[in-house]
Amino acid sequence: MSKQKTKHSHTVQKAYLQNFSIKENGKFFLWRLDKKTGIKKRLPIDKLSVENYFYPQDIEDWLANNIEIEGIKVIQKIIEDRSISNLSSKDKERLAGWLLVQDVRTTEYRNELRQSLDMIAKSFLERNLLGEVAFESLNEFIEEDPIKNIQFSMMKRFERYAPIIASEYHWMLIENNTGFSYYTSDHPVMKGNSYLKSLEKIAKQKPFGSGIGLFSKGVELHLPLNPDLKLLILNLEPLDDFLREIWTTIEKNPHLYPILWRLFPHDKIKELRSDKLEAVYDNILHSNDRITGLSNRFIYSIDNNFEIAEDLLKRKPEYRDENRKRWEIG
């Protein structure tokens, strides 16, 4: 194993945070909101998302040489072009790898891992599937380095999925000209599933599973790139299924074609297939709400406007707690 040289580990790449900052006297600054205390502070990016010895040196070197240097180049290219249409398949692969690793390299992800294993252990104990001695042993395991090793293993494993995310998912750039900035955070990658949320509303019950696994049908990956741009990567399987059903219906009932054509949501389909959309205020509100809730503790902004975050934290004060309940196992 490499000798440890790096003390201050950035759990979010510093060059990424620079995209949300303002340069002053040779240093880059942005605003930070501490969800726990409510304190807002202007800080240099060197001091943000930093943990002491968070990664061993071999992981530090792997991140620097294999992930960060290539991924950030693609992010800068998108920002300069304000477009993703010029990205090559290799560019997409590099950025997908960066995004997948960023999602699992944070303090938040380590807390999620620890909490999920703890919940599983308690669930087993309640069902008498795990003896007390085994439960205590598992708790010791959860508190020790194995959690870190699982995280490092997941980082390398997820990076290998980059070619699939690059080639089989739909990529879209959201341009923000609303005058309200996108936030970022100490856990900048957001995952969601609008398709599953829609099914939940229709069925009026929670579906099995979260729907935010990398290969879940309808999963969405969101990454703010700077205050004005956000990358959205979509699994469009639900749309493909819908179109397949429409054409099957038409093949069986050709006389229905004129009616179905008139009722068909052409604009919505075109919107989902496009590679660039313009945000409205509700999109910014939704994005900033989600990144506030999903972050571990800190929200970052180019300006001192944290009204959206502060409003969410008033409505849902549980998000202030780093030890909040993230998982439920039935």
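The values are calculated or read from the model by the stated rules, or taken from the named source; none is laboratory data. In this text the structure is predicted, and so the values were computed from the model without any measurement. Note: ideal-geometry Cβ built from the backbone for every residue, glycine included; neighbour counts use all protein chains shown.
Within the stretch 279-307, the only residue that satisfies the criterion of being farther than 25 Å from Ala15 by Cα and of a type in the set (Val, Ile, Thr) is Val280. Criterion first (at pLDDT 80 or above and more than 17 Å from the chain's Cα centre (by Cα)) does Leu236 satisfy it? Spelling it out, Leu236 is indeed at pLDDT 80 or above and more than 17 Å from the chain's Cα centre (by Cα).
Lys92 meets all of the listed conditions (1) within 30 Å of Glu307 (Cβ to Cβ); (2) out of contact with any His (no Cβ under 7 Å at 6 or more places or on another chain); (3) of a type outside the set (Phe, Trp, Tyr); (4) touching a residue at least 60 places away in the same chain (Cβ under 8 Å) but one, namely (1). Within the stretch 291-330, the residues that satisfy the criterion of being closer than 17 Å to Leu113 by Cα and among the aliphatic types (A, V, I, L, M) are Leu294, Ile329. Looking across the stretch 29-61, the residues that are crowded, with 19+ Cβ neighbours inside 10 Å and among the β-branched types (Val, Ile, Thr) come down to Ile45, Ile59. When Asn176 is tested against (1) in contact with a Phe, Trp or Tyr (Cβ under 7 Å, 6 or more places away or on another chain); (2) surrounded by fewer than 16 Cβ atoms within 10 Å (Cβ to Cβ), just one condition goes unmet, and that condition is (2). Here Glu159 meets the list (1) at pLDDT 65 or above; (2) farther than 29 Å from Arg273 by Cβ; (3) not β-branched (Val, Ile, Thr) almost entirely, failing just condition (2). Across the stretch 284-330, the qualifying residues are those that are touching a helix residue (DSSP H, G or I) at 6+ places or on another chain (Cβ under 6 Å) and more than 23 Å from Phe180 (Cβ to Cβ), and the one among them that is modelled with the lowest pLDDT is Ile329.
Any residue at all in the stretch 40-60 that's closer than 29 Å to Arg315 by Cβ and outside any strand (DSSP E or B)? Spell out how you get there, then give the answer.
If we filter the stretch 40-60 for residues that are closer than 29 Å to Arg315 by Cβ, which is where we start, we get 40-43, 48-49.
Among the residues that remain, those that are also outside any strand (DSSP E or B) are: 48-49.
Within the stretch 40-60, one or more residues are closer than 29 Å to Arg315 by Cβ and outside any strand (DSSP E or B).
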